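Trainee: Have a look at this one.
The values are calculated or read from the model by the stated rules, or taken from the named source; none is laboratory data. All values reported here derive from a predicted model rather than from experimental measurement. Cβ coordinates were reconstructed from backbone atoms using ideal geometry, including for glycine residues, and neighbour counts include every protein chain displayed.
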Amino acid sequence: MARINMRLMKKNQSGVISAVRVDGELGRRIRDMGLVPGAEIKIQGRAPLKDPVAMRIMGFTLTLRNNEADYIEVEVE
Amino acid sequence: MEFSVALAGNPNAGKTTLFNELTGSRQHVGNYPGVTVEKKEGSYGFNGHKIHIVDLPGAYSLTAYSIEEVVSRDFLVNQKPEAVINIVDASNLERNLYLSVQFLELGVPICIALNMIDVAKDRGIEIDFEKLSDLIGVPVVPTIARTGMGKTEIVKAAVKIAESKKKPEPLIISYGDDIDKALFAIEKKIKKENFLTDVYSAHWIALKYCEKDEQIISKGRETDKDISSDIEKIVEKVTRHLKDTLETYPEAIIADYRYGFIKSIIKQGVVRHQFDKDRLYTSDKIDKVLTHRFLGPLIMLAVLMGLYKFTFTYGEVPMEWLGMAFGWLGDTVSSVLPDGHLRSMLVSGVIDGVGGVLGFVPLIMFMFFGIAILEDSGYLARVAYMLDRIFRMFGLHGSSVMAYIISGGIAGGCAVPGIMATRILKSPRERLATILTAPFMNCGAKLPVIALLIGAFFSENKALFMFLVTIGSWIAALLAAKFLRLTIIRGESTPFVMELPPYRFPTLKGLLIHTWERTWQYIKKAGTVILGISVILWAMMTFPELNSSEMQKFDLERKALISQYDMSVKEELEAAAQKTEPPATEMSKNAQALKKSLISVDSSESEAALKNSLAGRIGTSIEGISRFAGFDWRTNIALVGGFAAKEVVISTLGTAYSLGETDPDDTDSSLSDTLANSPNWSPLTALSLIVFTILYAPCFVTVVVIARESGSWKWGAFSMIFNTLLALTLSILVFQIGSFMSL
C-alpha cells in the first residue's frame, strides 16, 4: 500500500482516495462528483493529448485535468 | 386542482426525456427572470388535475457553484412548487442521491423517479426501491423515461404529495462532532434572532454558512451585518480547528458525511451488484475506440465532416422545392399586380427577403437534427474531453467547446444560445473570452451566405469548402481568444471536472423536439426581424428616386435606339412581349439586337437608381476602403444590412441585383447564377467576402446578448469594433495577396 498523487496513476490502475487537499470552487466541484476520501477509483485512460484523465468512480466516468488531479491523494496497491 | 411540479436532477439522468414524455408539444421555453438560463415549462392533465410542470436546469449539487444551481435553488425556495420529481439515474445511484440528500436538507417535498432502471438491470445492478423509499422517507418509483414506463405512477406520487399539503421537515444528519457543535451554536443564534428564517430553515442556513455558500452569506450580510459576522466567526473557529487537527475544511467534512449517509443507506441491501463493479460496459468499450489516442481525433473529424455531408446531401432537396415555391410566388405577384412601388416592395422586399431566409430552413433543420444526435448520444462531451488540452492552450476551457459548437462550431448554430451556453463556465475570464469569440463561428444565418458563395464559385467541392470554412472560423476564434486572454482578459484557468455520460441511443421524440425548438427560433427571427428589415432596406434602396431629368436621359437613349431600326422590328418586339412565353429564337436578328440594347439601358437605369438611393450612397461612400477587399457598393449595402441579421446579406444582395439588373428573360435565375455570371465577381472576391462574413460585427441581437451576458455594453461595443476591424484587415489581406498572385 502506498499513497500517491493521482496524476502518477497509470491506466487501469485502481485505488482508494485518501485525501482531497483543496477547498474553494475546485474542492467543492470535485466533492460534488463523489471524489471524497474512501471512494474507489480506477483510471480509464487519458485524452489523446494525455490530459485530461478519465476515471471510473461509483459506476460513472469522470474526467479531470492533470493539474486538478494533483490535489487528490490515492492509496494504491 | 391546479398546482406546479418541478423536475430536478443531475444532467444526463433523463430529466428532459421525462419532461418531453409528460408535456409533449404542450411546452414552451422561456427564461428565468433576470438571467438567461432556459426555463422549460409545460402542462400535463392527470385525473382532472392541471399540473404545471417546470423542468429545472440539470445540477449535481445545490451549492452556489453555477448559475443553474442558484436558479434551481431559488425556484424551489421562492416559487415553492407543491411537489418535486427528483429524477435519479438508477445506474448511478450514489452520486445522484447526493443531490437528493440536499433537497431533503432543504426540506423540499420530493418523490424520486428511479430512472433508467433498464440500463441498471443490464449492468447487473438490482435496486430494492421499496427499501430505498423506507430508508430515505420519500416515495420512490422505478421509471424508464424513454418508453414512458412509470410515468403515471410518478405523477400519481407527486399528486399525492401536492394534495397532502404537508411541508416535510428538513433532513438532519450528523456531520461529525466538530461541525454538529458549530451548527448547533449557529442555529441557536439564528432562531433567537429570527435571522432569514422567513424563507429558509435555521438548520439549513447554518449548514450553508459552514459550507461558505456565497449567496446565503451575502444575503445574510444584507439582512443584518452583525448577526452575520457573529455566525461567520463561529464558522471561522471550526474552520481553523479542522485545518489544525485534520488538515481539512468544513465543506469537505460535510460532503464526506453526506456521501457517508448515502453509503449507509445503500449498504442496507438497497443495491445488489450481479457483476464485478469494474466490469466494462458497452459504453466504455465504445470509448476505447472513440477516444483512442489516434483513432479518436480521426473519428471526430470524420463525424464533423459526416454532418456536413448529411446536411448538404439531404437538406438541399427540400431547399430547392422551397426556392421554387417562392420563385413561383414572386412571378405570380408580378403578373397580377401592376408595375409600381407596391409590386416592387412585395416582390423585392417581402417575397425575396423572406424567401431567401425561409429557403434555408430545411438545411438548418437537417443540421440541427445532426447536432441533436451528437448531443443526445453523449458524443459532444467526448469532444470536450478530447479538445480540452487544446482549448486550455488558448486560455479557454474544454466546456468552451459547447458554446463554440452551439454558436456554429458545427456550422449552423446560433451565437445567441451559444453565448448563453457559456453560463456553464464559472470563470469570468474564460467565459468572457468564449463570449467574445463564439460569434466568429458559422451560425445558421451566416451559413446561407457562405453556402451561396460556395455554391456560386466553388460548386465542385461544396462539402470540402464548407469544411475548410468551419476549420477557418475555429482557428480565428481560438487565436482571437488567445489574444484576448493575453491582453485585456488576463488571468488563471478554472476547473474542468466533467462527467462523460454513457452513450445512449437518442430518442426520436427528443431529437425532433430539439430540432424543432432551434429551427423555430430561427424561423421566428426570420419571420419578424427579417421581414421588417427587408422592407426597410427595400425603401432605403428605392428612395430617393432619380430626378426627372436623369430619368428623361434614359428615355431618350431608349428612343434613340429604337429609331435606329425599322418600325417592323419595334412591332415584332412588342408582339413578342404580349405573348406569355416569347421564344427568343423565333425573333429576327434585328429584334434580338434591339432588345439586348434596351435591356442594357434598363440595367444602367436601375443601377443608377440604386446608386442614387440612400443605401447606394452609404455603400458608395465606403467603397473607397472596401474595394481593397474586393467589395463593390452592392456588397457593402448587403454587409451593412447583415448587421441586422446575417441572413439579410443574402436578401439584400438579392434585392440589389434584382433591382440593378432587370432582365426579363432571366427571372428564374437564382442569385447564385447572377453572382457567378457578374463581371464584378470572381472566386477571389467570394473568398474575401466569406472571410469578412465569418469575422465581422455580430448581428445586433448577438451584440445585445453579449452586453447582457458580460454585464456591460462596453463588451457589446467592443465586439462590433474589434470584429469588424479584424474582418476588414484579413479580407483585404486575402484579396490583395490573391490579386498579387493573380488567382
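Trainee: Which of the following residues is within 14 Å of another protein chain (Cβ to nearest Cβ), in contact (Cβ under 8 Å) with a residue 60 or more places away in the chain and in a loop (DSSP other than H, G, I, E, B): B:Pro495, B:Pro506?
Mentor: B:Pro495
Trainee: Same structure, new question: Taking the stated definitions as given, is B:Ala206 of a type outside the set (Lys, Arg), crowded, with 20+ Cβ neighbours inside 10 Å, in contact with a Cys (Cβ under 8 Å, 6 or more places away or on another chain) and not assigned by TED's automatic domain parsing to the domain that holds B:Arg73? Spell out the reasoning first.
Mentor: Values: of a type outside the set (Lys, Arg): yes; crowded, with 20+ Cβ neighbours inside 10 Å: yes; in contact with a Cys (Cβ under 8 Å, 6 or more places away or on another chain): no; not assigned by TED's automatic domain parsing to the domain that holds B:Arg73: yes.
Considered against the rule, which asks whether it is of a type outside the set (Lys, Arg), crowded, with 20+ Cβ neighbours inside 10 Å, in contact with a Cys (Cβ under 8 Å, 6 or more places away or on another chain) and not assigned by TED's automatic domain parsing to the domain that holds B:Arg73, B:Ala206 comes out as no.
Trainee: Among the residues that make up the stretch B:371-391, is at least one of them over 29 Å from B:Ala609 (Cα atoms) and at pLDDT below 75?
Mentor: Yes.
Trainee: Follow-up. For the stretch B:121-128, does any single residue satisfy the condition of being in contact with a His (Cβ under 8 Å, 6 or more places away or on another chain) and buried (at least 22 other Cβ atoms within 10 Å of the Cβ)?
Mentor: no
Trainee: Ok, one more. Quick one: which residue in A:Val16, A:Val74 is more than 10 Å from chain B (Cβ to nearest Cβ) and surrounded by fewer than 16 Cβ atoms within 10 Å (Cβ to Cβ)?
Mentor: Answer to the selection: A:Val16.
Trainee: Now for a separate question. Which of the numbered conditions does B:Tyr249 fail, given that it passes all the others? Conditions: (1) buried (at least 21 other Cβ atoms within 10 Å of the Cβ); (2) of a type outside the set (A, V, I, L, M, F, W, C); (3) under 13 Å from B:Asp178 (Cα atoms); (4) more than 10 Å from chain A (Cβ to nearest Cβ).
Mentor: Among (1) buried (at least 21 other Cβ atoms within 10 Å of the Cβ); (2) of a type outside the set (A, V, I, L, M, F, W, C); (3) under 13 Å from B:Asp178 (Cα atoms); (4) more than 10 Å from chain A (Cβ to nearest Cβ), B:Tyr249 violates only (4).
For every residue, the table says whether it meets (1) assigned to a helix (DSSP H, G or I); (2) hydroxyl-bearing (Ser, Thr, Tyr); (3) within 14 Å of chain A (Cβ to nearest Cβ).
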| site | (1), (2), (3) |
| --- | --- |
| B:Thr63 | no, yes, yes |
| B:Glu68 | yes, no, yes |
| B:Val71 | yes, no, no |
| B:Asp74 | yes, no, no |
| B:Asn96 | yes, no, yes |
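Trainee: Please specify each residue of the stretch A:57-66 satisfying the condition of being in contact (Cβ under 8 Å) with a residue 12 or more places away in the chain and either more than 7 Å from chain B (Cβ to nearest Cβ) or not in a strand (DSSP E or B) (or both).
Mentor: Of everything in the stretch A:57-66, those that are in contact (Cβ under 8 Å) with a residue 12 or more places away in the chain and either more than 7 Å from chain B (Cβ to nearest Cβ) or not in a strand (DSSP E or B) (or both) turn out to be A:Ile57, A:Met58, A:Arg65, A:Asn66.
Trainee: If we only count helices (runs of 4 or more DSSP H) wholly inside the stretch B:282-344, which ones have 1 or more residues that are away from chain A (no Cβ under 14 Å) and acidic (Asp, Glu)?
Mentor: Working: elements: B:282-290, B:295-336, B:341-344.
Once the helices (runs of 4 or more DSSP H) in the stretch B:282-344 are filtered for at least 1 residues that are away from chain A (no Cβ under 14 Å) and acidic (Asp, Glu), what remains is B:295-336.
Trainee: Across the stretch A:19-54, what is the total count of residues that are more than 29 Å from B:Thr239 (Cβ to Cβ) and facing chain B (nearest Cβ under 8 Å)?
Mentor: Summing the residues that are more than 29 Å from B:Thr239 (Cβ to Cβ) and facing chain B (nearest Cβ under 8 Å) in the stretch A:19-54 gives 10.
Trainee: Could you please tell me which pairs satisfy a Cβ distance under 7 Å, a separation of 6+ or placement on different chains, a first residue in the stretch B:388-405 that is farther than 19 Å from B:Glu709 by Cβ and within 14 Å of chain A (Cβ to nearest Cβ), and a second residue that is assigned to a loop (DSSP other than H, G, I, E, B) and among the acidic types (Asp, Glu)?
Mentor: B:Arg389/A:Asp51
Trainee: A further question follows. Of the residues that sit in the stretch B:275-291 and are touching a Gly at 6+ places or on another chain (Cβ under 9 Å) and at pLDDT 80 or above, which one is surrounded by the fewest Cβ atoms within 10 Å (Cβ to Cβ)?
Mentor: Here the residue is B:Val289.
Trainee: Out of contact with any Leu (no Cβ under 7 Å at 6 or more places or on another chain), at pLDDT 80 or above and either surrounded by fewer than 19 Cβ atoms within 10 Å (Cβ to Cβ) or not aliphatic (A, V, I, L, M) (or both), is that true of B:Val347?
Mentor: no
Trainee: Tally up the residues in the stretch B:150-171 that are assigned by TED's automatic domain parsing to the domain that holds B:Asn96 and touching a Ser or Thr at 6+ places or on another chain (Cβ under 6 Å), please.
Mentor: The qualifying residues number 2.
Trainee: Still on this structure, I have one more. Suppose we filter B:Leu171, B:Leu135 for residues that are surrounded by fewer than 19 Cβ atoms within 10 Å (Cβ to Cβ) and in contact (Cβ under 8 Å) with a residue 60 or more places away in the chain; which single one remains? Let's see the steps before the verdict.
Mentor: Values: B:Leu171 fails: surrounded by fewer than 19 Cβ atoms within 10 Å (Cβ to Cβ).
Exactly one residue qualifies, and that residue is B:Leu135.
Trainee: Can you name the condition, by its number, that B:His28 falls short on among (1) assigned to a strand (DSSP E or B); (2) modelled with pLDDT of 90 or more; (3) over 30 Å from B:Ser283 (Cβ atoms); (4) not polar (S, T, N, Q)?
Mentor: For B:His28, the failing item is (2).
Residue-wise test of (1) surrounded by fewer than 18 Cβ atoms within 10 Å (Cβ to Cβ); (2) under 15 Å from B:Ser400 (Cα atoms).
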| site | (1), (2) |
| --- | --- |
| B:Ala445 | no, no |
| B:Ala456 | no, no |
| B:Ala477 | no, yes |
| B:Phe505 | yes, no |
| B:Lys509 | yes, no |
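Trainee: Check whether at least one residue in the stretch A:25-32 is surrounded by fewer than 21 Cβ atoms within 10 Å (Cβ to Cβ) and at pLDDT below 90, and report yes or no. Steps first, answer last, please.
Mentor: Start the filter on the stretch A:25-32 by keeping residues that are surrounded by fewer than 21 Cβ atoms within 10 Å (Cβ to Cβ), which leaves A:25-27.
Cutting the leftovers down to at pLDDT below 90 gives us A:25-26.
Within the stretch A:25-32, one or more residues are surrounded by fewer than 21 Cβ atoms within 10 Å (Cβ to Cβ) and at pLDDT below 90.
Trainee: Moving on to the next point. Assess whether B:Leu114 counts as being more than 30 Å from the chain's Cα centre (by Cα), farther than 20 Å from B:Gln274 by Cα and not acidic (Asp, Glu).
Mentor: It is false that B:Leu114 is more than 30 Å from the chain's Cα centre (by Cα), farther than 20 Å from B:Gln274 by Cα and not acidic (Asp, Glu).
Trainee: Taking B:Glu41 and the conditions (1) among the acidic types (Asp, Glu); (2) within 14 Å of another protein chain (Cβ to nearest Cβ); (3) part of a strand (DSSP E or B), which numbered condition does it fall short on, given that it satisfies the others?
Mentor: (2)
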